[in-house]
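Novice: One structure coming up, written as structure tokens, with questions to follow.
Bear in mind that the values in this text are calculations on the coordinates, not laboratory data. It should be emphasised that the depicted structure is a prediction, and the values quoted were computed from it without experimental measurement. Neighbour counts are summed over all protein chains in view; Cβ atoms, including those assigned to glycine, are modelled from backbone coordinates with ideal geometry.
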Amino acid sequence: MPDTGLDWAAWAVAVPLVGALLAGLLSRPGSRLGPGLGVVFGLFTALTVAGAVVAVWRDGPVRAGLGGWDVPLGIALSLDGLSALMLAMTAVVGLAVSVYALGYLRGSQMRGKFWALWLWLWAAMNALYLSGDVFNLYVTLELVGLAAVALTALSGGAAALGAAMRYLLVSLLGSLAYLMGVALLYGGYGVLDLAALGVAMEPDNVSRLAAAFMTVGLLMKTALFPLHVWLPPAHASAPAPVSAVLSALVVKASFYLILRLWLDVFPALTVPGFELLMGALGAGALLWGSVLALRAARLKQVVAYSTVAQLGYLFLMFPLMAVTPGAWQAVVFFALAHACAKATVFLAAGNLQRAAGHDRLADLGAVMRAEPMSVFAFGIAGASLVGLPLTGGFIAKWLLVEAAIEGGAWGWAWLVLGGGLLAGAYVFRVLGHAFGRSVRLERHERVPGLMAWSTLALALVSVVLGFAGAASLELLALHGGRP
Amino acid sequence: MNSSWLLVFILLSSLVPGVIIFFLREESHSLRTAFNLGGAGLKLILVGTLLLGVQRGEVYELRAVLLPGMELVLAADALSLLFASLSSVLWFVTTIYAVGYLEGSPNRSRFFGFFSLCVSATVGIAFSGNLITFLIFYEILTLATWPLVVHRGTAQSLRAGRLYLGYTLAGGALLLAAMVWLTVLAGSGDFKPGGYLMGLQQEFAPQLKLIFALLVAGFGVKAALVPLHSWLPRAMVAPAPVSALLHAVAVVKAGAFGIVRVVNDVYGTTLTIDLGLALPLMALAVITIVYGSVRALFADDLKRRLAFSTVSQVSYIVLGVALAGPLGAVGGLVHLVHQGLMKITLFFCAGNFAETLHIHKVSELNGVGRRMPLTMLAFTLGALGMIGTPPLAGFISKWYLGLGALQVEQHWVLVALVFSGLLNAAYFLPPVIRGWFGRRDEPWYETHLEHTRFETHWMLLGPTLFAAATVVVVGVLAGMPFSPLDWVSLIVEREYAPPEVGP
């Protein structure tokens, strides 16, 4: 029985990794072994994550060298409130997606590969949240990227392969930029550990260059406007469970890294105008993504562009932190709420696509009326994206606006509120089709119960998050990055 | 068990049936009706219990922490009960009406599901113990009413729905900004008679004024204050029971109720006057009253005329609180109830005319009194009440509003009231006169309702007559205990002479 939080966390990496290896080695295309392995290992991963979260809650942040070798010689793992929350987010969304995938992939040729890749991705993300040094982070980042690209290409087809190729190039370029930054840092300071770097950091030009490389690389992976062009095709053309994972979790992994770096390592390096630039890019993402979501003709494209828009909020962190130091907690909670809501929306879109055989919005009305449960889930999650009450999105919006107003930054407060209205416009544009008097139902395939119910369950998690604000903030306050 | 859980049960009494109804098949008509009426009846009983409890002076309050410094508070004070009783009585009546109205039309499970959610949200608004809780239920109300507005699914109703959402979500955003700001300045206080912002005005006067403006704008969207009213006449495309509920209790009243809460229980009347906010609010209300009446005068479509009349009449409530004197407050608050009763009567009548005889316009009403005498009688009572004829409900409200204006020496308000009363007569009397004394030459449109025993389906007629009867009863018996007027006087006493409590 693991006793410290780190033991639990290490298991949270090891369990899905073993699952991935087993699924990859043992399962033949079309066999039932993959799904079984996937769900069992997914469940155990979620349990270990729960153990880790409880341990952090009880004992506070922990860090330790792997195999007893601490820094500077060994590799450090660290687990604090932020990591724990990210692990938990991955586990909740991951579990729902796993159950969903059981139904979605039944009888599909993809399923053998899907389970191996998905568990692999899960392990890599967990490892990323636990790594305490910049080089390890590079390795996990690369693993996450490769697994995500492979998942994108899973459905075959020209569109998927093209999108995956583009994603691969961006991902590699991003990692490369990040790696150059790491090299510069190692050259300058001779350490890779986050905490040690944070202590030693001098505001000189080499460090600034390193920070710039790393940040730009990560921005590419996080698809911040104007580096977002790869995201919509990749997320819209992937199979539904993959879209959900990509939009909800994978972009959050690289964002987590940006947050971690600027929170624990680089705060000394900011130059005037930097925060404003990041905030402006975030605002650009918010506006441009929303406009495209309003114009998109296909449901999954609407959702993908909505991701571009909502990622913009994350980068309001920089200008907000400049006026209210605690603002990053609001942003993390926003990421949490967005992950749950966006995964739900993608899963619901997958249900509708399965039922109708297409996702052209204009012809979706009749199917939407025939699938009220999925539409309902879409509605709840959509309300969270808009920031309407009793959902996580509302709490997130409240926290963001509060941080802005506390710091007297009214412009950002109005931006957050206006972004909510834009989200309202595209969410209700979709929902409006469910009420229209469109043509009769032409084709309607029944959606498997596993898919419908897992979507609804994840939608209800958004509501639970509406009541989890205080607890999440308490967990985030257990911040162990600072030495 | 703690008796405060009664509040939660009241919320659940419509929420749970609503959720169950979503899952019912379209054909299970009687089961759905049973859940609807069962929930509505249970809610009436529970609210009645609560009413007795509050009158005995018992305190009902439940709290849950959402964020540090942000609490969800459910509480029952006299003012919340005024609103809660109104909505639960009218919900019961409207449910019966809606069952009759929608008989045989598609998507009824969806309709009644959202209908129940809508009422849960309204009751939640009534029991909100602080601004944040109020906002939460207020936004849920927006969400729950939108499907009702677009229920018919025509291009026109979808457009109306978009307009409605655009206005209300923007209003919600303003409210959120105002509430966050207020929380940053003053923390999150509970509603309490006399307000909780005393002492802040020396330091933060400009901020408080701006926040007040934001709050009034945010609530004003739903209360349809000019110039934020234009969604309301468009939303008339919704089915008649929805319009009735929207106008009488749910949406429009929620906005007005919000303004009442802000003036009475957040800022307090003293601070509102000190900051110089009462007069602008009064002016806004008067402009809306006159403007709505003028527009109603020129509307030929019956529901549209009623909609503009709502714009006008709801502002009487705002005017009442803005007068910031006890008598004015009595007038405004009692109008919250009276306007609801009168307006729901009128909308039921309009729905009856439209469903039975396909009459939608005032100019088509000629001679309808001979074909549907009972409905026309109800319409007449509602219209006379709106005009302010003694001893009907509307007279009581206007009497106290007038006294209130004299009490705070705003004579121009009295002039405006008289003028608006004349306008009311000018747009409500023509349909009444046409109905009773007009002559129709071509035959009536005969419909599927022809075979009924009465002039129209009994589920449409019954609620209409009941509502019309209340218009008379609350007017005639205004002096009796537990009449709206009596209850409102209790609220106002507590507001203007708060019980002495140590610091």
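Novice: Take the Cα coordinates of the protein assembly as shown, assign each an equal point scatterer, and use the Debye formula without solvent to give log10 I(q)/I(0) at q = 0.10 Å⁻¹.
Specialist: -1.13
Novice: Then there is this: Which value in nm describes the separation of the simple spin-label points at residue B:154 and residue B:426, placed 7 Å from the Cα toward the beta carbon?
Specialist: With each label placed 7 Å out from Cα toward Cβ, I get 3.0 nm.
Novice: Quick one: of the DSSP bridges fully inside chain B, what percent are antiparallel, nearest 5?
Specialist: In chain B, approximately 100 percent of DSSP beta bridges are antiparallel ones.
Novice: Something else: Return the Cα extents of the stretch B:276-321 along principal axes one, two and three, sorted largest first, each rounded to a whole Å.
Specialist: 40, 14, 8 Å, listed from the longest principal axis down.
Novice: Next question. Which of the GluC sites (Glu not before Pro) found in the stretch A:384-483 are in a DSSP loop and have at most 15 neighbouring Cβ atoms, other than their own, within 10 Å?
Specialist: Values: sites: A:402, A:406, A:442, A:445, A:474; in loops: A:442, A:445.
Sites meeting the loop and neighbour criteria: A:442, A:445.
Novice: Also, I was wondering about something else. How far is helix B:5-22 tilted off the main Cα axis of chain B, in degrees rounded to 10, range 0 to 90?
Specialist: For B:5-22 against chain B, the angle is about 40 degrees.
Novice: To test your reading of the geometry: what angle, between 0 and 90 degrees and rounded to tens, separates the Cα axis of helix B:393-407 from the longest principal axis of chain B?
Specialist: 30 degrees
Novice: List the residues whose amide H sits under 5 Å from the amide H of residue B:130, counting only those 5 or more places along or on another chain, with H placed 1.01 Å from N in the peptide plane.
Specialist: B:73, B:191
Novice: Around residue B:184, what is the net charge, scoring Lys/Arg as +1 and Asp/Glu as -1 over all other residues with Cβ under 9 Å from its Cβ? Intermediate results must be reported in sequence, preceding the final value.
Specialist: Values: positive: none; negative: A:402, A:406.
Neighbour charge sum, excluding residue B:184 itself: -2.
Novice: For a quick check of your reading of the filter: which chymotrypsin sites (Phe, Trp or Tyr not before Pro) in the stretch B:272-311 sit in a DSSP loop and have no more than 14 other Cβ atoms within 10 Å?
Specialist: B:298
Novice: Here's something else I'd like to know. Using alpha carbons only, how many angstrom separate the centre of the stretch B:213-242 from the centre of the stretch B:340-408?
Specialist: So the two Cα centres are separated by 21 Å.
Novice: Hey, another quick one. Could you give the angle, 0 to 90 degrees to the nearest 10, between helix B:251-261's Cα long axis and the longest principal axis of the Cα atoms of chain B?
Specialist: The helix B:251-261 is inclined about 20 degrees to chain B.
Novice: How well do other chains shield peptide A:386-394, expressed as the mean number of their Cβ atoms within 10 Å of each residue Cβ?
Specialist: Numbers: counts 5, 5, 7, 14, 7, 0, 0, 0, 5.
Other-chain Cβ atoms within 10 Å of each residue's Cβ, averaged: 5.
Novice: Give the longest segment of chain B that steers clear of GluC sites (Glu not before Pro) in DSSP loops with at most 12 neighbouring Cβ atoms within 10 Å, not counting the sites themselves. Intermediate results must be reported in sequence, preceding the final value.
Specialist: Details: sites that count: B:26, B:27, B:409, B:446, B:450, B:500.
My reading of the result: B:28-408 is the longest stretch.
Novice: Hey, how many Å between the Cα centroid of the stretch A:201-237 and the Cα centroid of the stretch B:61-88?
Specialist: 46 Å
Novice: Could you work out, residue by residue across B:165-177, how many beta carbons of other chains sit within 10 Å of that residue's beta carbon, and then give the average as an integer?
Specialist: Numbers: counts 7, 4, 0, 1, 10, 5, 0, 8, 12, 1, 0, 11, 8.
That works out to 5 on average.
Novice: Is the stretch B:74-160 rounded, prolate or oblate when judged by the Cα gyration tensor, a ≥ b ≥ c being the square roots of its eigenvalues, rounded requiring a/c under 1.5 and prolate requiring a/b larger than b/c? Walk me through the intermediate numbers first.
Specialist: Values: a/c = 3.18, a/b = 1.63, b/c = 1.95.
Judged from the Cα gyration tensor, the stretch B:74-160 comes out oblate (a/c at least 1.5, b/c at or above a/b).
Novice: Further question: Enumerate the calculated ³J(HN,Hα) couplings along the stretch B:472-482 in order (Karplus 6.51 cos²θ - 1.76 cosθ + 1.60, θ = phi - 60°), each rounded to whole Hz, writing x wherever the residue is Gly or Pro.
Specialist: Listing the rounded values in order: 6, 5, 5, x, 5, 9, 4, x, 7, x, 6 Hz.
Novice: Give the lysines whose C-alpha is closer than 17 Å to that of residue A:397, dropping any in the same chain fewer than 8 places away, or say none.
Specialist: A:342
Novice: Rounded to the nearest 0.05, what FRET efficiency do residue A:460 and residue B:472 have when you use their Cβ-Cβ distance and R0 = 60 Å?
Specialist: Details: r = 47 Å, r/R0 = 0.79.
For residue A:460 and residue B:472, the calculated efficiency is 0.80.
Novice: Which of rounded, prolate or oblate describes the stretch B:1-109 when judged by the alpha-carbon gyration tensor and an a/c cut-off of 1.5? Could the numbers behind the result be given before it?
Specialist: On the way: a/c = 2.71, a/b = 1.79, b/c = 1.51.
Prolate, since a/c reaches 1.5 and a/b exceeds b/c.
Novice: Determine the principal axes of the Cα atoms in the stretch B:326-498, then give the extent along each, sorted from largest to smallest and rounded to whole angstroms.
Specialist: Over the stretch B:326-498, Cα extents along the principal axes are 60, 32, 19 Å.
Novice: Count, for each residue of A:468-474, the Cβ atoms from other chains sitting within 10 Å of its Cβ, then give me the mean as a whole number.
Specialist: On the way: counts 2, 5, 7, 2, 1, 2, 1.
Shielding by partners across A:468-474 averages 3.
Novice: Once you keep just the Cα pairs under 8 angstrom separated by 6 or more residues, what percentage relative contact order results for chain A?
Specialist: Working: 879 pairs, mean separation 77.7, N = 483.
The normalised contact order for chain A reaches 16 percent.
Novice: Bins of 5 Å, beginning at zero and ending with the bin holding the largest distance: percent of Cα pairs per bin for the stretch B:397-485, please.
Specialist: In order of increasing distance, the bins hold 3, 10, 10, 12, 18, 16, 11, 8, 7, 4, 2, 0 percent.
Novice: Next up: Less than 12 Å Cβ to Cβ from residue B:303, Lys/Arg counted +1 and Asp/Glu -1: what total charge do the surrounding residues give?
Specialist: Working: positive: B:234, B:304, B:305, B:343, B:361; negative: B:300, B:301.
Within the 12 Å Cβ shell, the charges total +3.
Novice: Express the C-alpha Rg of chain A as a ratio against the empirical globular expectation 2.2 N^0.38 Å, rounded to two decimals. Spell out each step's value before the answer.
Specialist: Numbers: Rg = 21.2 Å, N = 483, 2.2 N^0.38 = 23.0 Å.
Relative to the 2.2 N^0.38 Å estimate, chain A comes out at 0.92.
Novice: Over chain B, what relative contact order in percent results from Cα pairs under 8 Å that are six or more residues apart? Before the final figure, lay out the partial values.
Specialist: Working: 850 pairs, mean separation 71.6, N = 503.
After rounding, I find 14 percent.
Novice: Excluding residues on the same chain fewer than 8 positions from residue B:361, give the lysines whose Cα lies under 17 Å from its Cα.
Specialist: B:303
Novice: Tell me, how many Å apart are the Cα centres for the stretch A:315-368 and for the stretch B:1-56?
Specialist: About 34 Å separates the Cα centre of the stretch A:315-368 from the one of the stretch B:1-56.
Novice: Continuing with this model, one more query. Select from the stretch A:81-120 those trypsin sites (Lys or Arg not before Pro) which occupy a DSSP coil region and have at most 15 other Cβ atoms within 10 Å, ordered by residue number. Write out the running numbers ahead of the final one.
Specialist: Values: sites: A:106, A:111, A:113; in loops: A:106.
In loop regions of the stretch A:81-120 (DSSP not H, G, I, E or B), the sparsely surrounded trypsin sites (Lys or Arg not before Pro) are A:106.
Novice: Using Cα pairs closer than 8 Å and at least 6 residues apart in sequence, work out the relative contact order for the stretch B:326-498, in percent.
Specialist: Values: 232 pairs, mean separation 65.3, N = 173.
Relative contact order comes out at 38 percent.
Novice: While we're here: Would you list the membrane-span-like helices of chain A, meaning whole DSSP H runs whose alpha-carbon atoms span at least 30 Å along their axis and whose mean Kyte-Doolittle value is at least -1.0?
Specialist: Numbers: long enough: A:5-26 (31 Å, 1.73); A:33-59 (39 Å, 1.46); A:81-104 (34 Å, 1.77); A:158-189 (46 Å, 1.43); A:274-295 (32 Å, 1.43); A:327-356 (43 Å, 1.02); A:410-435 (37 Å, 1.17).
TM-like helix candidates: A:5-26, A:33-59, A:81-104, A:158-189, A:274-295, A:327-356, A:410-435.
Novice: Another question, if that's okay. So how do A:479, B:358, A:228 line up by other beta-carbon neighbours within 10 Å, fewest first?
Specialist: Working: A:479 17, B:358 12, A:228 26.
With the sparsest Cβ surroundings first, the list reads B:358, A:479, A:228.
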